[in-house]
């Protein structure tokens, strides 16, 4: 058990603010604790000698030693109450009381104090504004909710207490059990990262699930989840996925939601399996808590009903799984065992008169096939098929072959008893074939999470000092936008840029142009002018003799466009042969939760109109950088589709990593765009750069 | 009632092949009919005088008049049995017996005979290989399934009998009722189109739902569904959506599945609401059978629980609906009525201590807002909230404001009673907020179906005779592929093509080039060479003096590439200024079920790599042609994104319609590709053409 063990397995629990007043939270929580909890329950209330038949103590000092303190006193005295329990030697506290940062003003100040005091005494604090905690192994219900949880191997955290009460009643009905349950409340001290680590160390927790509206420390969570998912799957509903939802979440908890794209990337990189609805959350959790992961993606479908078999096959087609391709041997065995009318190809249709024995044979043959990683048993109710017997067969074959099997025993009442038997052996029964297949899909997703190797970010040999010096120009200039004049920043990090120079007189421009082979490109350099082309601030294919006039012209146009613009000069740059090249973009912005978020896409319409981009949280290793390139839809264009010469994809992958290192080394870089990064057959060149820096941070 | 009324409301039903043998279908069906069915049940069996207490007749002749005959005799005597009942004056027959086309060989021959006999006597035949039919108003269960249906307003057809048995048990538990239920079986005579028409005329059917594996006559179904959906929504699960599923469906029913894209387009054009799972099918059906359509897309969410409120908001964000923007008046009223801690912006969080009265006020104020078209009531169980009372409030407000309201009363057991009350008043309760919102989404989708106007295809003035003559060239040539040499086919249908000519000697080539202003494009014309550019068979920007040599070169390259290729000549064509233009593609292929399927997209990578295309079943009107253009992701490129001059989109839309007319007029055109159709600011030009014709059909 981890450092939070006293939260979930205390021997003594105090309710500070216990009362017998009807309808009071301090009574509800005491009543819940008085259930089957084996530990000692200690009511604390200066005005009572006894509450609900328990001896009540005036204060913490006079009470026996307290492992876990539940605080239900009014908000104004919460801090004092916590200080009391801390002084008395208690490390673990759950603050049920609401009225903290979620109410603003005074509440926010109280929350600040709570944070201070927790740090001072090194307290584990859940809440404030929490429904409480539960732990089924010790039969502790330290919440004021109306329901107890059944025992099971799922540990469950929720940023919404109502979500817990809403779900428990239903979960009990479904026979879904839990190990620990935590209502996170305002997450002032302990948050999702702490519980992920705690449950990751808990051998009794098979699956961690959560409902979250935000993640406090994206990078910390990502690291914790990566560590934990080697052994324990994590399934999360992260709400506020949509713009409307994010707005609602922020008015609900006062949380500043990061961007959905950052969450999507960050959670995926963390190895978290994401659910988008309550039903999905538990559909996945049921599969993950009771079944092994499939070795291979091939699914066998065994059914007595053609239509539902086809529906199941469609669901497999929709998923990341695939219909298993049976070996010839399997087909022969099935043909021998099944009646003539049966379909022995996958889905196996054992037809309407199939009894339990025929299901047993079909399942036995199918699971023995090396191409089968998992199976779905789908049945329509018939007179000859006994669901309870079928459940036994499914359990037997699942265990014999050590492969995951889920069921979809269709029908209402008549499936109930079988469902219960299956559940005991970890096999979820789903009403709908698509949900059954999605359950198997979650298992396969978790297998991939376990099997993946996250490579450490490569440490490139870069000139960090030079980069620091270039970034500090922004402060000297009192302008937080840097542009093409800072291309040497990219050079310092080993990213190729075209030959060239920024000059501030036309003669020098000509000298530079003459030193460059062929024609040149000339661009106005000004932090105040962002769409240089539109105002005539860019000239392409300028010959040496035209450079002087082009300089004058470009500067004149810029002045004309914006008389007070700061003009840093004119860039004279080698002109690249871009016929055989592809324009790409690598960008970065900082997400409030996850930090640096890298974006990759092809330039122009691909990003702006088709929105064909990939994102990852930095820092990242080579594998993730390559995924960024491969996952855009237009990737084949880089790889040489339609007779083009393939671009040097490895150079693109390396550039993404070098930029990852740059933005990780310098948190002062708030936004960055290398646009375009031209990728040709022989490498890449960064043509233009824009970045915003935090001048305070430099 | 329609022409099939005797199927669903017969006064006398005969079971031909009735028996009292345990386990026999002929017994099961008789037992089901003996339930509460008010009509007369007539067993027919030459070997019995009495079956299950009913007088049994030797044959049909000696029996009383029969409205509906159920055939359960062995396959070999089915045809004779049908002929007997037809001669005795029965028009309506359900063939339960299996062993027809699904078994191939002899069975297929029997099915052919069945079709003949049905035509001869003008019979309405359901099946063969059918589970039977049900009609709850007359309490008739003429199936051999284990379950009766509850009464309701949903009429249900299924191509899988097992799907019916699998669903009914569950539906009964959920309290979902049906009007008529039909197991379609092999659909030899009556198919989905017949039942859509029948139920479209039935005032007691509020929603038509179905499970289908194929649609026999796509164009006929499309027309029937368009007619019916003005009054009655249709929700279908069409399985075989995925490649794997299509394969499974075809081995299940022997149906040749058309392409999923054709189904997708055809069903959408038909106004059918499509579900992808059993759960969705009934989630949608429940909403559509009990609630009116929303006038506007704004959804109000009323909850006592922040977390579930945010989840619901996310579900709205995922849907085609939107969170209603409350008027200032609504906000003020809510602020006055709700406690300070409540959130009065949408979602309305009436907070955890909300009782039924607070829900009533919130719902009253929200539904009164003109921006609110529908509402979701989402609640977590609390001590102060009585679900049964809440149900009454929801029913009252829903009826008062005549707007659709759905609920998500979370929790298991404690929601049951409320759920039943709500159901009686047509209000579906869903466990998961995302399903509740999807239910409202189906209502909005149906509103859009009702409100849309399908314009008739424009009849352009074309030269049909000339087109026929051009197509007949294929037969004369004994080659079913036509190419650029048939560009005059497009001209005959009023589609612009560049000036030019196909020539077969270099002198003539020069003459043609000289008659064209500017340089020309030259292309080899050969049905045997499809990638002309790749073999050097295309020359762009040829000046008049180079034409002679270019002719020789192009022909030589073609000969070199394929010595025995048929070379029809060389096309000499005006060279278009394509800098300001966009290449598009309009294609057509024939789907086995839906007929001509038109495809539109931008050329090159947009179609080949990004797969950014739209499809519609032809013939189509202007509105649908315009949708094809607008729905591709790259549409902004045509409409002038990124500073480009907008293309003449109207000319593109017109070309799609003219091609629709062409492929409708000539079913002999099996495939057609106009690629590219260049769209510029001043119109379009078809540059190249390939088509395949059915030379038998010409």
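Roughly what % of DSSP beta bridges within chain B run antiparallel, to the nearest 5?
Working: 54 of 105 bridges.
In chain B, DSSP labels about 50 percent of beta bridges as antiparallel.
Considering only the protein assembly as shown, what is the antiparallel percent among its DSSP beta bridges, to the nearest 5?
Values: 108 of 210 bridges.
In the protein assembly as shown, DSSP labels about 50 percent of beta bridges as antiparallel.
Using a Förster distance of 25 angstrom, determine the FRET efficiency expected from the C-beta separation of residue B:396 and residue B:329, and round it to 0.05. Present the calculation step by step, with values, prior to reporting the outcome.
On the way: r = 22 Å, r/R0 = 0.87.
FRET efficiency, residue B:396 to residue B:329: 0.70.
When you restrict to C-alpha pairs under 8 Å that are six or more residues apart and normalise by the size of chain A, the relative contact order lands at 8 percent.
Can you sort B:117, A:365 by how many other beta carbons sit within 10 Å, fewest first? Write down the numbers at each step before the final one.
Values: B:117 19, A:365 25.
Ranking B:117, A:365 by Cβ neighbours within 10 Å, fewest first, gives B:117, A:365.
In this calculation the C-beta distance from residue A:488 to residue A:320 is compared with R0 = 35 Å, giving a FRET efficiency of 0.20.
Please list the equivalent ellipsoid semi-axes of the protein assembly as shown, computed as the square roots of five times the alpha-carbon gyration tensor eigenvalues, in descending order and whole angstrom. Each step should come with its number before you reach the end.
Working: eigenvalues 594, 568, 153 Å².
Square roots of five times the eigenvalues give 55, 53, 28 Å.
With the simple model of a label 7 Å out from the Cα in the direction of the Cβ, residue B:639 to residue B:115 spans 4.6 nm. What sits nearest the axis between copies B and A, counting only chain B Cβ atoms, is the residue and whole-Å distance B:610, 3. Seen against the Cα atoms of chain A and their longest principal axis, helix A:506-515 is set at about 80 degrees. Each residue in B:61, A:403 was given a count of other beta-carbon atoms within 10 angstrom of its own, and listing them fewest first yields B:61, A:403.
Give, in nm to one decimal, the length gained when the segment between residue B:424 and residue B:450 is fully stretched (0.36 nm per residue of separation minus the Cα-Cα distance). Mind showing how you got there, number by number?
On the way: separation 26, 0.36 × 26 = 9.36 nm, distance 2.58 nm.
Extra length available between residue B:424 and residue B:450 comes to 6.8 nm.
Annotation for residue B:389 and residue A:3: the two label points, set 7 Å from Cα along the Cα-Cβ direction, are 4.8 nm apart. Only helices enter the 222 nm calculation for chain B: every DSSP H run of n ≥ 4 contributes -39,500 (n - 2.57), and dividing by all residues gives -11500 deg cm²/dmol, rounded to 500. Placing a label point 7 Å from the Cα of residue A:450 along the Cα-to-Cβ direction, the distances to the matching points in the other copies come to 5.3 nm, shortest first. Peptide A:167-174 shows a mean partner chain C-beta count of 5 within 10 Å per residue C-beta.
Between the helical axis of A:260-270 and the longest alpha-carbon principal axis of chain A there is an angle of about 70 degrees.
Look at A:633, A:386 and count the other Cβ atoms within 10 Å of each Cβ; fewest to most, that gives A:386, A:633. Between copies, residue A:357 shows label-point distances of 6.8 nm, shortest first, with the point placed 7 angstrom from Cα along Cα to C-beta.
Based on the mean of other Cβ atoms within 10 Å per residue, sort peptides A:225-235, B:499-509 so the most packed one is first. Walk me through the numbers on the way to the answer.
Details: A:225-235: 20.5, B:499-509: 17.4.
By packing density, highest mean first, the sequence is A:225-235, B:499-509.
Compactness check for the stretch B:291-434: Cα Rg over 2.2 N^0.38 Å is 0.92. One decimal place: the segment residue B:511-residue B:469 gains 12.4 nm when fully extended, by the rule 0.36 nm per residue minus the C-alpha distance.
The angle between the Cα long axis of helix A:78-87 and the main principal axis of chain A comes to about 80°, on a 0 to 90 degree scale.
The mean number of Cβ atoms from other chains found within 10 Å of a Cβ in peptide A:406-413 is 5, as a whole number. What nm value, rounded to one decimal, do you get for the distance between residue B:174 and residue B:261 when each label is placed 7 Å out toward the C-beta? About 3.3 nm, to one decimal.
What Kirkwood radius, in Å to one decimal, follows from the Cα pairs of the stretch B:452-581? Let's see the in-between values first.
Numbers: mean 1/r = 0.0620 Å⁻¹.
Every distinct Cα pair counted, the radius reaches 16.1 Å.
Inter-copy label distances at residue B:370, using a point 7 Å along Cα-to-Cβ, come to 7.2 nm with the shortest given first. Once the C-beta distance of residue A:413 and residue B:631 is scaled by a Förster radius of 41 Å, the resulting FRET efficiency is 0.35 to the nearest 0.05. With 5 Å bins beginning at zero, the pair-distance distribution over Cα atoms of the stretch B:269-352 amounts to 3, 13, 17, 20, 19, 12, 8, 5, 3, 0 %. The mean number of partner chain beta-carbon atoms within 10 angstrom of a residue's beta-carbon across peptide B:153-161 is 2. Which residues does the label zone of residue B:296 cover in the stretch B:364-391, counting backbone N under 18 Å from a point 7 Å along Cα→Cβ? Answer for the stretch B:364-391: B:364-376.
A short reminder: the numbers here are calculations on the coordinates, not readings from a lab. Every value quoted in this text rests on a predicted model; they were computed, and no experiment measured them. Here the Cβ is made from the backbone with ideal geometry for all residues, glycine too, and neighbour counts use every protein chain on show.
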